[in-house]
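Everything on this sheet refers to the single structure shown next.
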Amino acid sequence: MNEFALIQQALGLAAQALFISSPNPRVGCVIARPDGTVLGQGFTQAVGGPHAEIVALRDASAAGQDVRGATAYVTLEPCAHQGRTGPCCDALVAAGIGKVVASLEDANPLVAGQGFARLRAAGVEVEVGPGAAQARELNLGFFSRMVRGTPWVRLKVAASLDGTTALANGASQWITSPEARADGHAWRARACAVLTGIGTVLADDPRLDVRELPTPRQPQLVVLDSRLRTPLSAQLFIACRPTTLCAGGHSDPDFLARKAALEARGATVLQLPGPAGQVDLPKMLRALAARGVNELHVEAGRQLHGALLGAGLVDELLLYFAPKLLGPGRGMADMPALEDLAGGISLEWQAAERIGPDLRVLARVAGHDRF
């Protein structure tokens, strides 16, 4: 097996960490002899568990394979710091690995080239670059959190072909197909957190958990609720997962009583005061990043969608279009009317695919992935 095939195999392994590794990056590792014979392989486990390199070393050991002089193909720089687990670069050196081929340098300032430096200092040959674009794409959320200090924000919408997300009377279940809903749950599952607004909670009483496919973990739930109007009986409390309510800077007795009751219900309340008692949205994203949120999946109503888009805080749109025309109703986002076409939000197409009878479109806000 050649180098290209081995790094592609490592990238395939990294993709298997899609639903489990957060807040750690999704990393795969393949250890092979110079002739391409694979000795061990693995991917990063759930937080607190072993990283990809350690899993691959253990896999080789369990098979009775000697990895001295072998090459480790890994999709991200081996870590060089003591966190919940020990430094992977030291483990590779101790095992006698002769060469490391890595896709990318780690953006984590605790690593950021130090892993490569320690490997080279120990006499290990290091090559960087193969598979870089794929490895970065798989970890855009992690890189966003490390470089920008905010999560990668993906806004999901299900609509008719003419852009209606609900009828004028509010009816919206179901515009898109069961296949599209299951696919949407897969995107929920890969996110670290799902964000919605209090309007959606009060109108629909959603659970916003992952139910359409097996998942080893439920994403956190974040509710933008400036006055803490979330009912204690809301279905969102059914799933066993961390739930955060983002509120404004209020301090009146009624607000404080609701805050205490919701905290007793198990919610975390973050007060992030913005203008007119609202939540400061950029501050909210920074606070979520500080809590380890790499990818933030937004499923809300048109007001919150419009606020996030208008503030330039959405990175990517995940759109499901049903082959229906519904006419006037509720749109995707409340945004101000433009007087000039140049004022629109420019998007870059990423992918379009049939999901059952519907069309899934992934579109990225132009320039938002260049950090």
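The values are calculated or read from the model by the stated rules, or taken from the named source; none is laboratory data. Because the structure is a prediction, the values reported are computed rather than measured. Please note: Cβ atoms are built from the backbone with ideal geometry, for glycine as well, and neighbour counts cover all protein chains shown. These accessible areas exclude ligands, DNA and RNA; they are computed on the full protein's heavy atoms, side chains included. Shrake-Rupley method; radii C 1.70, N 1.55, O 1.52, S 1.80 Å.
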Whichever aspartates and glutamates have a C-alpha closer than 13 Å to that of LYS324, once near sequence neighbours (fewer than 8 apart) are set aside = ASP162, ASP358
remark   = In vacuo Debye sum over C-alpha of the range 106-147, base-10 log of normalised intensity I(q)/I(0) at q = 0.22 Å⁻¹, listed in q order, is -0.82
query = Just the accessible area for HIS185, please: 1.4 Å probe, Å², rounded to the nearest 10?
reply = 10
remark   = Mean accessible area per residue over the range 60-121 (1.4 angstrom probe, all protein chains present, square angstrom) is 41
ask   = P(r) tail for the range 1-94, what percent of Cα pairs lie past 23 Å?
value = 16
request  = Sum -39500 (n - 2.57) across every DSSP H segment of at least 4 residues in the chain, then divide by the residue count to get the 222 nm mean residue ellipticity, nearest 500.
outcome  = -8500 deg cm²/dmol
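Measuring with a 1.4 Å probe in the full set of protein chains, what accessible area per residue, in whole Å², belongs to the range 206-302?
Details: 4280 Å² over 97 residues.
Heavy-atom accessible area per residue stands at 44 Å².
Among DSSP beta bridges lying fully in the chain, give the percent that are antiparallel, nearest 5.
Working: 26 of 61 bridges.
For the chain, the DSSP antiparallel bridge percentage is about 45.
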ask   = For the range 307-371, how big is Rg over Rh, using alpha carbon atoms and the Kirkwood form of Rh?
value = 1.00
key: Under 21 Å from the Cα of LYS283 - lysines, other chains or at least 8 residues apart   = LYS259
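If you average over every viewing direction, what projected area does the convex hull of the Cα atoms of the range 67-128 give, in nm²? Please report the intermediate quantities before stating the final value.
Values: hull surface 14.5 nm².
With the hull built on Cα positions only, its mean projection is 3.6 nm².
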query = With a sphere of radius 11 Å drawn around the Cβ of GLY197, what net charge do the other residues whose Cβ falls strictly inside it have (Lys, Arg +1; Asp, Glu -1)?
reply = -1
query = In Å, what is the Rg of the alpha-carbon atoms in the range 70-170, and how long is Dmax?
reply = 19.7, 69
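Over the chain, with every protein chain in place, what whole percent of the accessible area is carbon and sulfur at 1.4 Å, could you tell me?
Values: 8710 of 16240 Å².
Answer for the chain is 54 percent, counting heavy atoms of protein chains only.
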task = Would you please state the base-10 log of I(q)/I(0) at q = 0.27 1/Å for the range 299-339, with intensities from the Debye formula using one equal scatterer on every alpha carbon?
result = -1.08
ask   = D for the range 151-227, whole µm²/s, Stokes-Einstein with Kirkwood Rh over alpha-carbon pairs at 25 °C and 0.890 mPa s: what number?
value = 178
